[in-house]
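Single-structure report; data block below.
The values are calculated or read from the model by the stated rules, or taken from the named source; none is laboratory data. Keep in mind that what you see is a predicted model, and the values were worked out from it rather than measured. Note that we place each Cβ from the backbone using ideal geometry, even for glycine, and neighbour counts take in every protein chain shown.
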Amino acid sequence: MGKETEKASPTSEKPVDRNKLRDSLVDKVKKKVASEKVDKSTKKKAGEVYYISKEEEPSQFSIQVAGEKYKGYWDSERKHLCWRIPEELASRFEQHHHVLMGRIIKADEV
């Protein structure tokens, strides 16, 4: 019995990790949907920065920034939470654990 040689695949491209590809596509769709939900449910005001939960939330919660609580409000479908934060506190809000971990994202980034 001779030594078997591996045949080169017809395409010399690296195999695609389908899980990573699927996850990136799902993230893009979720961001687009989140952006649409913010646009439909609120009228933007000057001097405020908008944030939204990346995933659907089971319950409403508030986030405390610089000693003040900002209550998350539901989007029109009651799936995602949204926050309106004054521009001067946006950098402090972005230091919150939920923002750093990606649970809450800036609405302008989606």
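If you go through the range 73-92 and keep only what is under 19 Å from G47 (Cβ atoms) and over 15 Å from the mean Cα position of the chain (by Cα), you end up with Y73, R84, I85, P86, E87, E88, L89, A90, S91, R92.
Just one residue in the set E36, E57 is of a type in the set (D, E) and modelled with pLDDT of 90 or more; that residue is E57. For the range 78-85, the criterion of being surrounded by 13 or more Cβ atoms within 10 Å (Cβ to Cβ), at pLDDT 90 or above and among the aromatic types (F, W, Y) is met by at least one residue. Selection of the range 48-88 for residues being of a type in the set (G, A, S), outside any loop (DSSP other than H, G, I, E, B) and under 19 Å from K31 (Cβ atoms) yields only S53. One residue stands out in the range 89-110 among those that are part of a helix (DSSP H, G or I) and in contact (Cβ under 8 Å) with a residue 60 or more places away in the chain: the one that is nearest to E68 (Cα to Cα), namely A107.
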